[in-house]
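Note sheet for the following structure.
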There are 4 protein chains.
Amino acid sequence: MKTVLLTGFEPFGGETVNPSWEAARRLDGVQLGGARIVARQLPCVFGAALAALDGHLAELRPAMVIAVGQAGGRADISVERVAINIDDARIADNAGQQPIDRSIAVDGPAAYFSTLPIKAIVAGLRARGIPASVSQTAGTFVCNHVMYGLLHRRGPRAGFIHIPYLPEQAAQHPGAPSMSLDDCVAALKLAVELALAHRQDLAVEGGATH
Amino acid sequence: MKTVLLTGFEPFGGETVNPSWEAARRLDGVQLGGARIVARQLPCVFGAALAALDGHLAELRPAMVIAVGQAGGRADISVERVAINIDDARIADNAGQQPIDRSIAVDGPAAYFSTLPIKAIVAGLRARGIPASVSQTAGTFVCNHVMYGLLHRRGPRAGFIHIPYLPEQAAQHPGAPSMSLDDCVAALKLAVELALAHRQDLAVEGGATH
Amino acid sequence: MKTVLLTGFEPFGGETVNPSWEAARRLDGVQLGGARIVARQLPCVFGAALAALDGHLAELRPAMVIAVGQAGGRADISVERVAINIDDARIADNAGQQPIDRSIAVDGPAAYFSTLPIKAIVAGLRARGIPASVSQTAGTFVCNHVMYGLLHRRGPRAGFIHIPYLPEQAAQHPGAPSMSLDDCVAALKLAVELALAHRQDLAVEGGATH
Amino acid sequence: MKTVLLTGFEPFGGETVNPSWEAARRLDGVQLGGARIVARQLPCVFGAALAALDGHLAELRPAMVIAVGQAGGRADISVERVAINIDDARIADNAGQQPIDRSIAVDGPAAYFSTLPIKAIVAGLRARGIPASVSQTAGTFVCNHVMYGLLHRRGPRAGFIHIPYLPEQAAQHPGAPSMSLDDCVAALKLAVELALAHRQDLAVEGGATH
């Protein structure tokens with residue numbers, strides 16, 4: 001049976017939980033679409049996150065990888081289109097590092113596009129009543145770092161999904177949107193199913209004028 | 001046993017559901033804090049909404065009334081502080097009416113403050129991990145109309161709570177925040193409990209600089 | 001010749017300028033529509049602001065008063081519809097006071113509506129290419145305090161206008177909208193003209209659904 | 001004397017002006033930093049915009065190119081970091097084309113980074129009181145198309161700057177932020193000066209966590 005690796009991050013930025021890990025770990029061991037999900041946590045640390053990822057890839061030899069991260073302030077499930085070859089940290093990572101305009105892979109290309117069917121995932125989530133959209137930027141912090149590094153390994157189909165704060169986090173950030181853990185778990189499960197089912201992406205619009 | 005009247009609205013503005021009614025009706029018949037909740041739906045129509053409310057007040061003689069409405073675009077449970085004596089409709093109501101700068105009660109005061117413990121409700125919701133805040137305006141549409149009319153009757157303790165879109169609605173409004181129905185139901189149940197438990201409000205800040 | 005009193009505030013909240021005073025003082029002495037504008041600065045202090053206002057009213061006996069304040073984060077000229085009888089300070093004022101849920105006038109009504117032609121002002125500004133809208137809340141800080149107190153005196157026609165950060169302020173608050181000082185000055189000048197010209201307001205929509 | 005090519009776009013999306021062209025054309029012929037600015041308008045059309053650009057590059061042989069576009073809804077001058085190799089049009093361009101997930105250059109890399117000193121430009125603008133920030137995405141419409149195509153030609157130093165609506169545009173989009181034409185012109189002039197003065201960018205943070 002094929003393995004789908006689903007990664008989440010440890011908490012960062014003063015939070016005590018990270019919704020990406022809370023959601024991913026609830027899917028550990030779940031079987032769907034002829035595959036088994038294995039969930040692993042990554043440190044929110046430049047470099048160390050990719051080293052941990054390498055270990056998981058070597059051990060599990062997954063057929064697909066979906067890395068998941070927290071996007072505090074975003075309102076929906078955002079499926080990332082592209083990762084760029086730059087670390088530029090607005091805040092320090094969990095090891096105190098704050099790189100500025102540093103290449104993730106010195107000889108790597110400027111960017112990689114997700115090899116997941118991002119439009120099919122967004123359309124499928126919306127059809128099931130879960131707010132979702134294509135995102136044109138994964139930022140320049142550890143999330144983008146992991147997405148770029150993951151795609152730079154040129155291994156299995158892979159991509160990145162950002163999820164909102166949990167309600168318990170948003171309760172501490174007045175005005176911030178959130179999504180329930182149940183909906184986050186359902187969204188990730190459905191994203192795995194959709195990604196397994198669509199080798200080709202849908203030809204539907206998911207752009208931004210700027 | 002005391003009755004708490006919880007009202008929700010019918011859908012409006014092109015939506016097929018209204019989260020206020022979906023949440024309220026799930027609490028119909030629930031007993032808590034020595035009271036029993038009765039849920040009733042109001043039409044999203046100026047005038048008719050208050051006529052329906054009058055019928056419910058006469059029939060039920062509730063000890064407390066919490067009216068609930070949908071605030072598409074808001075991210076949290078917003079507990080309204082004040083209702084103002086004006087109808088100014090940006091869109092038509094469900095009967096096609098679109099009043100402009102019309103008084104709700106010709107001889108009424110310019111506004112009424114909620115007689116619910118709004119700070120205690122916000123603090124209690126946040127303590128349970130539900131995003132919430134005090135709102136300084138209930139708008140000028142049917143929600144404000146019902147809140148003003150309710151308080152103008154000078155009956156039992158009463159107020160208004162706005163809730164976000166449900167996820168299934170936000171899935172059709174890219175970028176809009178939402179809250180799960182379970183969390184909306186939990187929030188309203190907790191709000192009733194907190195309102196019954198606090199005759200006096202908490203002396204904590206809930207203001208806006210503008 | 002009639003006098004129009006235009007007030008602006010001193011800086012607060014860590015800012016070194018307040019756009020309301022920067023704009024108002026540029027109109028001091030300007031004559032238009034058969035009236036002369038007199039600009040005066042108010043302290044950003046609960047109580048003291050109204051005491052200063054009383055002095056200006058007694059001295060100038062204006063035919064109209066427009067109080068102006070800074071709304072950091074808002075993008076346009078917002079013409080306030082209503083002031084409510086409550087002080088609830090999210091931050092301390094310039095004298096260190098931070099009242100919570102205190103009435104501005106113990107025996108006053110819950111609110112006062114602006115006696116300026118708010119729709120005519122918004123329509124007139126937009127027609128001249130200046131972004132503007134009706135606002136349903138002036139907050140619960142010193143701006144609302146002054147607007148309420150001003151209308152509670154039941155003197156000349158009066159109201160309140162909030163203006164955005166200046167560009168130089170927004171440059172320190174990444175992502176915040178701003179408006180140039182020239183446009184703020186033009187907006188206030190036009191607002192005075194429109195208010196003098198319209199005894200009756202326009203019957204056009206300026207509401208909010210929530 | 002060196003030439004700096006400054007391009008702006010024709011109006012699109014229902015607008016009657018485009019602030020990028022309004023600002024750029026006011027700088028046509030201006031000399032600064034040992035260079036002369038030449039402003040040219042580009043059509044808001046996939047393909048045709050790059051064909052027009054090629055003509056201008058062949059004619060002018062500029063030492064530097066800054067392409068400018070409108071970002072309705074953004075509040076500040078946003079200096080783009082990266083362009084990606086994809087056209088995905090949310091709306092039709094001015095020739096009615098609406099490509100979906102089409103490569104701009106079939107054999108091109110996934111992205112190009114701006115070769116302008118983006119951090120120095122942002123810091124310099126802020127120091128002069130003009131709101132500015134680094135942007136991590138130029139979208140997937142004609143702006144990104146031109147930025148990618150421009151950098152794919154591997155000619156002179158080049159990049160892209162997005163500017164907000166003009167106030168007269170925002171007056172038709174209630175709630176939208178704007179920037180005065182004078183400030184837009186000053187910003188672009190200063191950006192040219194800063195880009196000419198900084199061969200190396202500043203090592204200051206300009207990232208996003210997501």
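The values are calculated or read from the model by the stated rules, or taken from the named source; none is laboratory data. Because the structure is a prediction, the values reported are computed rather than measured. Positions of Cβ are generated from backbone atoms using ideal geometry, with glycine treated the same way; all protein chains shown enter the neighbour counts. The accessibility values were calculated without ligands, DNA or RNA, using every heavy atom of the protein model including side chains. Shrake-Rupley method; radii C 1.70, N 1.55, O 1.52, S 1.80 Å.
Structure summary
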| quantity | calculated |
| --- | --- |
| Pairs, first open to solvent by less than 10 Å² (accessible area, probe 1.4 Å) in segment B:147-176, second of a type in the set (Lys, Arg), C-beta under 9 Å, six or more apart | B:159/B:81; B:162/B:74; B:163/B:74; B:164/B:74; B:171/A:126; B:171/A:128 |
| Single match in B:123, B:110 (criterion: in contact with a Pro (Cβ under 8 Å, 6 or more places away or on another chain) and not hydroxyl-bearing (Ser, Thr, Tyr)) | B:110 |
| Residue list for segment D:105-117, restricted to those being more than 9 Å from chain A (Cβ to nearest Cβ) and touching a strand residue (DSSP E or B) at 6+ places or on another chain (Cβ under 6 Å) | D:114, D:115, D:116 |
| Residue B:126 being open to solvent by 20 Å² or more (accessible area, probe 1.4 Å), in contact with a strand residue (DSSP E or B) (Cβ under 6 Å, 6 or more places away or on another chain) and at pLDDT 95 or above | yes |
| Number of the exception - residue A:111 against (1) open to solvent by 10 Å² or more (accessible area, probe 1.4 Å); (2) farther than 30 Å from residue B:73 by Cα; (3) without any contact (Cβ under 8 Å) to a residue 40 or more places away in the chain | (1) |
| Qualifying residue in segment D:99-108 (condition: within 15 Å of the chain's Cα centre (by Cα) and touching a residue at least 24 places away in the same chain (Cβ under 8 Å)) | no |
| Any hit, segment D:43-51, residues being more than 13 Å from the chain's Cα centre (by Cα) and aromatic (Phe, Trp, Tyr) | yes |
| Matching residues in segment A:128-168 - criterion: being aliphatic (A, V, I, L, M) and within 14 Å of chain B (Cβ to nearest Cβ) | A:130, A:132, A:134, A:163, A:166 |
| Options A:96, A:33, A:14, A:29; residue that is farther than 17 Å from residue A:137 by Cβ and at pLDDT below 95 | A:33 |
| Count - residues of segment D:180-201 that are more than 11 Å from chain C (Cβ to nearest Cβ), surrounded by 18 or more Cβ atoms within 10 Å (Cβ to Cβ) and not in a helix (DSSP H, G or I) | 1 |
| Pairs with Cβ under 9 Å, 6+ apart, first in segment D:188-199 and touching a residue at least 60 places away in the same chain (Cβ under 8 Å) and farther than 11 Å from residue D:33 by Cα, second open to solvent by 30 Å² or more (accessible area, probe 1.4 Å) and of a type in the set (Lys, Arg) | D:188/D:26; D:199/D:157 |
| Leading residue by the ranking (nearest to the chain's Cα centre (by Cα)) among those in segment A:61-98 that are more than 10 Å from chain D (Cβ to nearest Cβ) and open to solvent by 30 Å² or more (accessible area, probe 1.4 Å) | A:63 |
| All positions within segment D:22-33 that are open to solvent by 50 Å² or more (accessible area, probe 1.4 Å) and over 18 Å from residue D:165 (Cα atoms) | D:28, D:31, D:33 |
| Those residues of segment B:8-21 which are of a type outside the set (Ser, Thr, Tyr) and buried (at least 19 other Cβ atoms within 10 Å of the Cβ), in sequence order | B:8, B:9, B:12, B:18, B:19, B:21 |
| Number of the exception - residue B:131 against (1) over 22 Å from residue B:41 (Cβ atoms); (2) open to solvent by 20 Å² or more (accessible area, probe 1.4 Å); (3) in contact (Cβ under 8 Å) with a residue 24 or more places away in the chain; (4) over 14 Å from the mean Cα position of the chain (by Cα) | (2) |
| Unmet requirement for residue D:5, which otherwise passes all of (1) open to solvent by 10 Å² or more (accessible area, probe 1.4 Å); (2) out of contact with any Asp or Glu (no Cβ under 9 Å at 6 or more places or on another chain) | (1) |
